[in-house]
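J.: The structure that follows is given in the form of structure tokens.
The values are calculated or read from the model by the stated rules, or taken from the named source; none is laboratory data. What you see is a predicted model; the values in this text were computed from it and never measured. We place every Cβ from the backbone using ideal geometry, glycine too, and count neighbours over all the protein chains shown. We work out accessible area using only protein heavy atoms, side chains counted, and drop any ligands, DNA or RNA first. Shrake-Rupley method; radii C 1.70, N 1.55, O 1.52, S 1.80 Å.
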Amino acid sequence: DFAFRLEELLRAELIATKLDELFFQVEMPLLRVLAEMERRGIKIDSQQLAEFSQELAERLRGLEQEIQRQAGRAINIDSPKQLAQLLFEELKLPVIKRTASGPSTDREVLEQLAERHELPALIIKYREAAKLKSTYADALPQMVLKQTGRVHTSFMQDVAATGRLSSKDPNLQNIPVRTEEGRHIRRA
């Protein structure tokens, strides 16, 4: 009801800003295509993702063992506080950036520290593998709609200022493309 009430006002604004042609000739026709893509969904190979999840689990175990071997003790790799203590207090690596809770262990910091010590590079690899496993290899098969056997994302054409599409629930455009692991997930 509100959309219909606003149509006349918004149409006049589109014309005044010379965006009416873009809206009616590009955006509205694309809306129908996106709606059909959402309805049809995306077929995924759940078996391939399950096998890849197992590979990632093995890789994570190996990385965790190597990180703990280099640390000389057991450490919760997912704890920024424990990582900060290990990197900055025990290994005496320089603090590059601080957060409200202490020295940062974000990716940018770890990349800089990796030039000085092997451990930060291993932590980056661990985090990448853990994210791929939890966000894609494990999560996507859980999002398959039983009635269609497909994942049904929501495409949004009005979020990115660059004009590219984005998607949510699940966010499919963020699947990495530059790594072999990301390409493996994309193939599935």
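J.: Does segment 42-57 contain any residue that is within 21 Å of the chain's Cα centre (by Cα), in a loop (DSSP other than H, G, I, E, B) and surrounded by 12 or more Cβ atoms within 10 Å (Cβ to Cβ)?
T.: yes
J.: Considering only segment 160-184, state which residues are open to solvent by 80 Å² or more (accessible area, probe 1.4 Å) and over 16 Å from the mean Cα position of the chain (by Cα).
T.: Across segment 160-184, the qualifying residues are ALA161, THR162, ARG164.
J.: Another question, if that's okay. Within segment 157-164, is even one residue modelled with pLDDT under 90 and touching a Gly at 6+ places or on another chain (Cβ under 9 Å)?
T.: The answer is yes, given that some residue of segment 157-164 is modelled with pLDDT under 90 and touching a Gly at 6+ places or on another chain (Cβ under 9 Å).
J.: Could you tell me whether any residue of segment 154-166 is in contact (Cβ under 8 Å) with a residue 24 or more places away in the chain and among the β-branched types (Val, Ile, Thr)?
T.: No.
J.: Assess whether LEU9 counts as being within 24 Å of the chain's Cα centre (by Cα) and either of a type outside the set (D, E, K, R) or over 28 Å from LEU145 (Cα atoms) (or both).
T.: Against the criterion (within 24 Å of the chain's Cα centre (by Cα) and either of a type outside the set (D, E, K, R) or over 28 Å from LEU145 (Cα atoms) (or both)), LEU9 does not qualify.
J.: Pairs under 8 Å by beta carbon, first residue over 13 Å from GLY163 (Cβ atoms) in segment 19-32, partner outside any helix (DSSP H, G or I), six or more apart or different chains?
T.: Partner pairs satisfying both residue conditions: LEU31/GLN157.
This table checks each residue for (1) assigned to a helix (DSSP H, G or I); (2) surrounded by fewer than 18 Cβ atoms within 10 Å (Cβ to Cβ); (3) of a type outside the set (Ser, Thr, Tyr).
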residue: LEU86; (1), (2), (3): yes, no, yes
residue: THR105; (1), (2), (3): no, no, no
residue: GLU108; (1), (2), (3): yes, yes, yes
residue: ARG116; (1), (2), (3): no, yes, yes
residue: ALA121; (1), (2), (3): yes, yes, yes
residue: TYR126; (1), (2), (3): yes, no, no
residue: THR135; (1), (2), (3): yes, yes, no
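J.: Taking segment 65-79 as the region of interest, how many residues are assigned to a helix (DSSP H, G or I) and either free of Cβ contacts under 8 Å to residues at least 40 places away in the same chain or surrounded by fewer than 18 Cβ atoms within 10 Å (Cβ to Cβ) (or both)?
T.: Here the count works out to 5.
J.: Collect the residues in segment 24-41 that are open to solvent by 60 Å² or more (accessible area, probe 1.4 Å) and in contact with a Lys or Arg (Cβ under 9 Å, 6 or more places away or on another chain), keeping them in residue-number order.
T.: Listed by number, the list holds a single entry, ARG40.
J.: Which of (1) part of a helix (DSSP H, G or I); (2) under 25 Å from ALA35 (Cβ atoms) does ALA160 not meet, given it meets every other one?
T.: (1)
J.: Also, I was wondering about something else. Between PRO141, PRO170, which is modelled with pLDDT of 95 or more and either under 29 Å from GLN54 (Cα atoms) or part of a helix (DSSP H, G or I) (or both)?
T.: PRO141
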